[in-house]
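First up is the structure itself, then whatever we jot down about it.
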Amino acid sequence: MNKKVIAELSLLFVAFIWGATFVVVQNAIDLLPPILFNAIRFFLAGIIIFIVYLFQNKGKMKFQLSALFPGVILGCCLFIGYSLQTIGLLYTTPSKAGFITGLSVVMVPIISYIFLKNRPKLSAIFGSSIAAIGLYLLAVKGASSFSVGDFYVLLCTFGFAFHIIFTDIFAKRSSVLTLTTIQIFTVALLCTISSLLFEDWKLILEPEILSSKPLMFAIMITAILGTAAAFFIQTNSQKSTSPTRVAIILTMEPVFAAITSYFWIDDRLTIGATIGCIFILIGMIIAELPSNLKLKLLMKKTNKKSAF
């Protein structure tokens, strides 16, 4: 098995972890306030990544001051994304949250055009349109009306979309590992402050909460696999495959969210909602298809016709 196949299978595993954690997080925030849960999750993930950072640098701190501001900006974007997503899971289902969050993929070219004047590809425009139709079918014509939870999750996509855009800019200037360490600790700090101000953070001190196996399981899974390990797998995998293929593979995240929701909590989508999910998935894949691939497909069709 060559490196490319291993890399893409690893990315598929990351998509599965991210998709499955929607159910895990929803169960956890039944016991703990959502932002406090994220504070613990990201603080633990930050410690893990920092240990790896020290190991990679043989115990020496090679801090890049130039990475501080970019790392904080990226952390703020992640804070907005994860906080709103987790709050949204209080009021909507994991499967709907997974597909709505996936819209961040098709929002990237639109936001890039508005703020950076980067002209989007036709595939991005077409894919975004299909995904928008899918969102309508999922959230309006699905199992329930567009809820406040769906609205929170829809807002979270802006945080994730801006994170993708800024990562593309900042990663070229600083060490990826340094940027990740700073941004994860930034998320942990912002979540801690927000929880102290707006949530009943003292719940974490209650013996029943501390001894809760589902909560501890959720924290360990999301911190170790969903945050720390996922980053390393994605970073290493991108050395052996193209960014486009990475993006397409990761669009399987909402599909896994729907599948795990069905088997773990019997979350069933209506026919209209299912069609909406399919539209969103197709839209995300089309938005990430390279223009040269579409040109090749068009030329093949033209050659076949001319052969007759």
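So the values come out like this:
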read-out: Two-decimal Rg/Rh across region 3-307, once Rg and the Kirkwood Rh are taken from alpha-carbon atoms; value: 0.98
read-out: Selected from A228, W264, S211, residue furthest toward positive end of dipole (region 167-276; charges at beta carbon); value: A228
read-out: Residue order, fewest to most surrounding Cβ atoms within 10 angstrom, among F166, F69; value: F69, F166
read-out: Calculated FRET efficiency for the pair E208/I110, C-beta based, R₀ 45 Å, to 0.05; value: 0.50
read-out: For Y152, Y53, Y82, order by how many other beta-carbon atoms lie within 10 Å, fewest first; value: Y53, Y152, Y82
read-out: Y262/L9 FRET efficiency (R0 41 Å; Cβ-Cβ; nearest 0.05); value: 0.95
read-out: Estimated FRET transfer efficiency (L54, Y136; beta-carbon r; R0 35 Å; 0.05); value: 0.10
read-out: Span from the region 269-289 Cα centroid across to the region 63-140 one, whole angstrom; value: 16
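The numbers here are math on the coordinates, done by the rules we state, and not lab data. Note that the structure is predicted; figures quoted are calculated from it, not measured. Please note: Cβ atoms are built from the backbone with ideal geometry, for glycine as well, and neighbour counts cover all protein chains shown.
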